[in-house]
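The values are calculated or read from the model by the stated rules, or taken from the named source; none is laboratory data. Here the structure is a predicted model, which is why all the values come from computation and not from measurement. A quick note on method: Cβ atoms are made from the backbone with ideal geometry, for glycine too, and the neighbour counts reach across all protein chains shown.
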Amino acid sequence: MTFAALAMVGCKDKKSEETTPTPTPPTPTPGEEAPVPPSLANPAAGKTTIAFYAEVCPKGAYLVGSINDYNINDDALSFTEVAGEKNWWQLTLDYDGAMQAKVIARPSDPDVAYNWAYQWGKNFDPDDPNCKLEEGTVNTQILKGEGAWVFENGGEVKLSEVKDGGVVYIWIKNWNASPVIEAKKLETAWVKSNFNNLDWAWYEMTKAGDGIFTFEGIWGGNGCNINATGDDGGAQWYPTDNEAVTLVDDPAKGDKVRVTFTSEKLNIGKLEIKMIEKGTPAADIPAGNGTFVVKVTNRTYKDGDKCILTGNFDEKSWGDSDRAMTYDAGTGKWSWKGDYPKNFEMKVIYNDKWSVDPNIVFDGKTFEYEVEIQGEE
């Protein structure tokens with residue numbers, strides 16, 4: 001999500017994707033009562049309407065997804081309040097049968113940048129072993145109308161399969177992180193990145209002063225998530241090119257670094273990554289052109305199955321990849337030939353489900369791999 005798209009809560013840290021069937025009307029959790037959807041007129045053919053209910057939405061919300069290249073700063077598809085209906089918001093947009101999208105809340109503080117942290121809340125994903133939510137957790141629920149979820153990043157959800165000329169009503173019980181920005185400092189802090197030559201994980205930071213926290217480790221060359229709990233909930237993503245991030249003494253992947261987070265308003269603040277011990281730099285694996293071959297070990301090929309090669313490509317990377325692999329019935333393997341980027345990392349997506357972590361790191365000479373797909377066949 002080593003990510004972009006993803007906390008990353010943003011793009012590269014994608015764990016699994018699965019489209020779920022259109023839900024039946026939900027049974028409320030004991031102690032909570034589902035809101036009653038308003039009666040909105042169906043839009044004209046070629047349009048679709050998304051309506052959501054959220055008791056916390058201080059500055060409104062907007063839609064981000066395949067329709068605007070997942071640009072978190074593009075809030076042109078902005079929801080408006082439903083007249084006479086408290087806490088209900090609506091947006092009518094051009095219908096796109098392939099659309100996948102999320103609702104993002106605007107933070108209450110205008111000085112706080114838009115961030116994937118403020119997307120609608122996660123749901124438990126039974127097919128993702130990296131999903132840390134309690135089984136059965138539902139923070140974002142379809143109440144009425146046609147729509148389905150695509151899972152990623154340990155329970156994040158994208159809306160898909162909406163209806164041409166239809167309305168889908170959604171209940172946002174919780175945002176991934178509250179868009180209400182409190183003017184107080186963190187008391188505890190955790191940092192997440194691919195430190196110590198390992199996959200992405202949370203590390204508790206050491207308190208070094210009022211709202212100041214530090215962590216030392218081998219840097220993976222990426223930005224960091226920060227939150228107060230280390231449980232993937234409500235994390236703030238700090239990419240290395242963010243104006244709130246300062247790189248000191250030119251840290252590079254493999255260097256030992258000291259990460260210092262200075263909390264200003266909870267997990268909003270400044271992040272410093274300082275090189276404190278030079279590591280042995282790993283040689284870059286140059287870009288090139290080649291044929292990658294994959295054997296999927298836990299799937300039986302059926303006519304119509306699709307296998308997509310994805311990775312850190314410059315164009316259409318990770319969840320947006322359309323690099324269809326070709327199946328060879330004689331060998332039972334899939335292949336794709338094309339250009340790959342420098343320091344290439346890859347995964348495959350088989351019938352919308354991702355291969356098990358970690359990413360395959362191309363060494364410049366190994367072009368054939370075996371992979372396992374998340375979930376059951």
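When you check residue 309 against the structure, is it over 30 Å from residue 226 (Cα atoms), within 28 Å of the chain's Cα centre (by Cα), among the hydrophobic types (A, V, I, L, M, F, W, C) and buried (at least 18 other Cβ atoms within 10 Å of the Cβ), yes or no?
Criteria met by residue 309.
Would you check if residue 184 is of a type outside the set (Asp, Glu) and either modelled with pLDDT of 95 or more or over 22 Å from residue 107 (Cβ atoms) (or both)?
So residue 184 does not fit the description; no.
Among the numbered criteria (1) more than 21 Å from residue 371 (Cβ to Cβ); (2) buried (at least 17 other Cβ atoms within 10 Å of the Cβ); (3) modelled with pLDDT of 95 or more, which single criterion is violated by residue 292?
In the conditions (1) more than 21 Å from residue 371 (Cβ to Cβ); (2) buried (at least 17 other Cβ atoms within 10 Å of the Cβ); (3) modelled with pLDDT of 95 or more, residue 292 misses (1) alone.
Given the condition modelled with pLDDT under 95, within 30 Å of residue 184 (Cα to Cα), in a loop (DSSP other than H, G, I, E, B) and in contact with an Asp or Glu (Cβ under 8 Å, 6 or more places away or on another chain), answer yes or no: does some residue in the stretch 97-114 qualify?
Yes - at least one qualifying residue is present in the stretch 97-114.
Would you mention how many residues in the stretch 274-304 are over 30 Å from residue 259 (Cα atoms) and either in contact with a Pro (Cβ under 8 Å, 6 or more places away or on another chain) or not aromatic (Phe, Trp, Tyr) (or both)?
From the stretch 274-304, those over 30 Å from residue 259 (Cα atoms) are 287-304; that's our starting set.
After this cut, where a residue has to be either in contact with a Pro (Cβ under 8 Å, 6 or more places away or on another chain) or not aromatic (Phe, Trp, Tyr) (or both) as well, the list is 287-291, 293-300, 302-304.
Going through the stretch 274-304 one residue at a time, the tally reaches 16.
Considering every residue within the stretch 343-352, establish whether at least one is at positive phi, touching a strand residue (DSSP E or B) at 6+ places or on another chain (Cβ under 7 Å) and charged (D, E, K, R).
For the stretch 343-352, residues at positive phi, touching a strand residue (DSSP E or B) at 6+ places or on another chain (Cβ under 7 Å) and charged (D, E, K, R): present.
Listed residues 337, 353, 316; which is farther than 23 Å from residue 129 by Cβ, of a type in the set (Lys, Arg) and at pLDDT below 95?
Going through 337, 353, 316 in turn, the sole match is 316.
State the number of residues belonging to the stretch 128-139 that are more than 16 Å from the chain's Cα centre (by Cα) and either at pLDDT below 90 or farther than 19 Å from residue 159 by Cα (or both). Spell out the reasoning first.
We begin by selecting, within the stretch 128-139, every residue more than 16 Å from the chain's Cα centre (by Cα); these are 134-138.
Subset that is either at pLDDT below 90 or farther than 19 Å from residue 159 by Cα (or both): 134-135.
Residues in the stretch 128-139 being more than 16 Å from the chain's Cα centre (by Cα) and either at pLDDT below 90 or farther than 19 Å from residue 159 by Cα (or both): 2 in total.
Taking the stretch 60-88 only, how many residues are over 22 Å from the mean Cα position of the chain (by Cα) and surrounded by fewer than 19 Cβ atoms within 10 Å (Cβ to Cβ)? Can you show your working first?
If we filter the stretch 60-88 for residues that are over 22 Å from the mean Cα position of the chain (by Cα), which is where we start, we get 80-88.
With the extra rule that they be surrounded by fewer than 19 Cβ atoms within 10 Å (Cβ to Cβ), the set shrinks to 80-87.
Residues flagged as over 22 Å from the mean Cα position of the chain (by Cα) and surrounded by fewer than 19 Cβ atoms within 10 Å (Cβ to Cβ) within the stretch 60-88 amount to 8.
Can you tell me which residue within the stretch 234-262, out of those that are surrounded by 21 or more Cβ atoms within 10 Å (Cβ to Cβ), under 21 Å from the mean Cα position of the chain (by Cα) and assigned to a loop (DSSP other than H, G, I, E, B), is modelled with the lowest pLDDT?
Residue satisfying both the conditions and the ranking: 234.
Go through the stretch 312-333 and give me each residue that's over 28 Å from residue 157 (Cβ atoms) and within 28 Å of the chain's Cα centre (by Cα).
If the condition is that a residue be over 28 Å from residue 157 (Cβ atoms) and within 28 Å of the chain's Cα centre (by Cα), then 326 is the only one that fits.
Among the numbered criteria (1) basic (Lys, Arg); (2) crowded, with 17+ Cβ neighbours inside 10 Å; (3) over 30 Å from residue 226 (Cβ atoms), which single criterion is violated by residue 365?
(2)
Give the stretch 187-233 a look and list any residue that's aliphatic (A, V, I, L, M), assigned to a strand (DSSP E or B) and farther than 27 Å from residue 109 by Cα, or say none. Before the answer, list the steps.
Quick first cut of the stretch 187-233, residues aliphatic (A, V, I, L, M) only: 189, 191, 198, 201, 205, 208, 212, 218, 226, 228.
Still in the running and assigned to a strand (DSSP E or B): 191, 201, 208, 212, 218, 226.
Within the stretch 187-233, 201, 218 meet the criteria.
Give 304, 319, 290 a once-over and let me know the one that is among the small types (Gly, Ala, Ser) and assigned to a loop (DSSP other than H, G, I, E, B).
Within the list 304, 319, 290, the selection yields 304.
When residues of the stretch 353-375 are filtered for being part of a strand (DSSP E or B) and either among the β-branched types (Val, Ile, Thr) or out of contact with any strand residue (DSSP E or B) (no Cβ under 8 Å at 6 or more places or on another chain) (or both), how many remain?
So the answer is 4.
Based on this model, can you work out whether residue 265 counts as in a strand (DSSP E or B), under 22 Å from residue 112 (Cβ atoms) and either in the same structural domain as residue 324 (by TED's automatic domain parsing) or modelled with pLDDT under 95 (or both)?
It is true that residue 265 is in a strand (DSSP E or B), under 22 Å from residue 112 (Cβ atoms) and either in the same structural domain as residue 324 (by TED's automatic domain parsing) or modelled with pLDDT under 95 (or both).
Mind listing whichever residues of the stretch 268-287 are of a type outside the set (Val, Ile, Thr) and modelled with pLDDT of 90 or more?
Hits for the stretch 268-287 are 269, 270, 271, 272, 274, 275, 277, 278, 279, 286, 287.
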